[in-house]
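Notes to accompany the following structure.
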Amino acid sequence: MINIPNYKIIKQIYDSAHSLVYCALRNKDNQPVILKMLKEDYPSPEELTRYHQEFDIIRCLADFEFVVNAYHLEKYQNTLVMCLEDFGGESLKYWLAERSFRLDELLRLAIRATDILGEIHKQHIIHKDINPTNLVFNPTTEVLKIIDFGISTQLSRQMMTLKNPKILEGTLAYMSPEQTGRMNRALDYRTDFYSLGVTFYELFTGQLPFESTDAMKLVHYHIAKQPTPPVEINPELPAAISNLIMKLLEKTAEARYQSTWGIKTDLENCLNQFSQNGSIENFQLANADISDRFQIPQKLYGRDYEIETLLAAFERIATDSESVSQTDDVSKTSEVCRENIYKSEIMLVAGFSGIGKSVLIKEIYKSLTEKQGYFISGKFDQFQRNIPYSAVVTAFGELVQQLLSESESQLIQWKNKLLTALGANGQVIIDVIPEIELIIGSQPAVPKLGVTESKNRFNLVFQNFIRVFCQPEHPLVIFLDDLQWVDSATLNLLEVVMTDKETNTLFFIGAFRDKEVTPTHPLMMTLDALGKENVVINKIILKPLVYEEVNLLIADSLHKKSVESLTDLVMRKTRGNPFFVNQFLNMLYDEELLHFVPPTDENKGNWQWNIDKIEALNITDNVVDLMIAKLKKLPESTQQVLRLAACVGNHFDLDTLSVIYEKSVAETFQDLQPALNEGLIINDEL
């Protein structure tokens, strides 16, 4: 048994991938405590920082009786130990296995859990790991408390990225679709409602909605499969409770409950009926459910046809189709060849800045998960056109990180496949994509050649390299953004790869601003050459949203049917540009020109605005001016660190930025926090 100074260890109660948890007695007063420590003997700085953040979040909630208190965070050898309150409870997971609960007891537990979640959300904290293991119950005192804020965030929204399901943060069986990173949706407080729904499912049925030992399959279930209604598993369960759980388990956050108040009201209705009548009649759910948080729905308005076009093209690739039919709508998918001799396709997405090109393309995530495919992306930079293959390097560096997260046996298979494909030319790829060395190891030097010969060798080796990843069992999607700034070397490589008849199941997606690409642009010339070779080239041109689409977006955001006066104003100011529409509405909310009127006995609360007041402010109709105004409201320290970050590029890491900023990583992060809170920058690792 481990020996920690100042404590007497009683027993180990938990062992996870990252932490060890012990019951102990504190020597100075013999008080029972829980000790939680990092599992690694030499944890990384990131893991240590995460422990500090968890401790700080728990201390923030110290005044609330529903959170297990945190007494100390202490150094132990090279790691950290957190000393936590022990109130004599065990996890709900434990109690579900040890005893049976009456229906009224389960409803009371569900109401308490909902109350706890509501209080956490009031403090602007998203827990991100709600499950029966993290809800601790003492049946003697009937106290229920929540634990484990290890992956919690204080950001109102968090963008998730594609990762191997085996390394996703959180408990996969309870994870919301958006938390998997494969839904093209930002994560907000409503992710906890889905996890709460899975928890309730288990409480009331004794089993999980989805079970699988295959992590990717479980992710697919969360994203695409409807769970069996709880009442079909437990026929004695009232339909009202079953329907409530199913509403929490909706795939999109907008379709779930929007507030803990709405959930609690319906649960209390069930409990009151059961207490008075011994039964529960079905009733209309969510009558009291309205949120005072301004949330613009994340679904794509006015893009149904474009999404269908994108997914149909991917489906052709993923099913190894050797021919495609030509569409009649040349404005959306022109240039689809009648005779396709290749098994790969190109999809071009064009439109103004802010029109939603990147967001549309990421709609492919769900289909990609079902097909076990890989998605990688890179972005060209206006000021780095002289760097060949810059976006390709970023994309394949991303792929390497995905592969490194797979099992050791899978990694060995990838290594063997790559070494076979590359032969003695492995260093050719490493010179351009250094991360590949992490998989195949160091490689012998290759002979020096002239410029033309060296270029031809690279193209040939890259063909062999990319074939490894383009297979029917795992199709590859490469997305390169801002092709208006593409370099000539990348265009040449694109031509080589897309005309390679041995490359299967490759879906290349390119996005560009069509106003910046003339018929004589190198991109257009390359595409013309590919078209003559019968390479399938699909094209989607995104247009601004029309009045009806913006009106629906605003109506859904404000939960009101009549919003025409506001829609008229928004259309005049934004001309239907989706990014500008979102920024403009958020600005109205920030300036309190769009505000929530709390519920009263007469009404359940609603959103209101004053058109005359908004018009009187003479708000700019230029999105750049609007964003500049937003930036100027940030603290000067935040503006300064953002200036330096912009010099690094559209991607930067905290370590590099802290060196340039000449401050510690912690201080740099603190100064970036206001920009993170405003969604001006995204940290996908928080």
Name the residues whose placed amide hydrogens come within less than 5 Å of the amide hydrogen of Tyr76, ignoring near sequence neighbours (fewer than 5 apart) on the same chain.
-> Val81
Beta carbons within 10 angstrom, averaged per residue: use that to sort the peptides 654-660, 34-40, 126-132, highest first.
-> 126-132, 34-40, 654-660
Cα axis of helix 578-590 to longest principal axis of the chain: angle in degrees, 0 to 90, nearest 10?
-> 30
Tell me, what is the FRET efficiency for Thr520 and His124 to the nearest 0.05, using R0 = 56 angstrom and their Cβ-Cβ distance as r?
-> 0.60
Would you kindly state how much longer the chain becomes between Asn138 and Ala97 on full extension, computed as 0.36 nm times their sequence separation minus their alpha carbon distance, in nm to one decimal?
-> 13.3 nm
Stretched out fully, how many nm does the piece from Ala215 to Glu315 gain, at 0.36 nm a residue minus the Cα gap?
-> 33.8 nm
Could you work out how far helix 304-318 tilts from the main Cα principal axis of the chain, as a 0 to 90 degree angle to the nearest 10?
-> 70
Using the beta-carbon distance between His52 and Gln608 and R0 = 56 Å, what value does 1/(1 + (r/R0)^6) give for FRET efficiency, to the nearest 0.05?
-> 0.85
Using only the alpha-carbon atoms of segment 634-677, report the extent along each of the three principal axes, biggest first, to the nearest angstrom.
-> 21, 21, 15
Highest average packing first - 295-305, 568-578, Cβ atoms within 10 Å | 568-578, 295-305
Distance in nm between pseudo-label sites at Ala424 and Asp655 (7 Å out along the Cβ direction from Cα) | 3.6
For segment 24-48, list residues with backbone N below 15 Å from a point placed 7 Å from the Cα of Ala666 toward its Cβ?
-> 45-48
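Got the relative contact order for segment 551-627 handy, in percent, Cα pairs under 8 Å and 6 or more residues apart?
29
For Leu438 and Lys501, what is the calculated FRET efficiency with R₀ set at 30 Å and r taken between the beta-carbons, to the nearest 0.05?
Efficiency computed from Cβ-Cβ geometry: 0.45.
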Simple label model, 7 Å out from Cα along Cβ direction - Thr452 to Lys8, nm = 8.5
Stretched out fully, how many nm does the piece from Tyr42 to Glu591 gain, at 0.36 nm a residue minus the Cα gap?
-> 192.9 nm
Separation in nanometres of the label points that stand 7 Å from Cα toward Cβ, at Lys632 and Asp304 | 4.3
Write down the percent of antiparallel bridges among all DSSP beta bridges whose residues are both part of the chain, to the nearest 5.
-> 60
Which angle from 0 to 90°, rounded to the nearest 10, does the C-alpha axis of helix 239-248 make with the longest principal axis of the chain?
-> 40
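Which whole-number percentage describes the relative contact order of the chain, with Cα contacts under 8 Å and a sequence gap of 6 or more?
Worked out over the chain, it gives 11 percent.
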Taking a ≥ b ≥ c as the square roots of the eigenvalues of the Cα gyration tensor, with a/c under 1.5 meaning rounded and otherwise prolate when a/b exceeds b/c and oblate if not, the chain is prolate
Qualifying lysines (Cα of each under 24 Å from Cα of Lys455; at least 8 residues distant if same chain) | Lys379, Lys417, Lys501, Lys532
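Any read-out appearing in this document is the output of simple, stated calculations on the displayed coordinates, not a laboratory observation. Owing to the predicted nature of the structure, the values given are computational and were not obtained by experimental measurement. Here the Cβ is made from the backbone with ideal geometry for all residues, glycine too, and neighbour counts use every protein chain on show.
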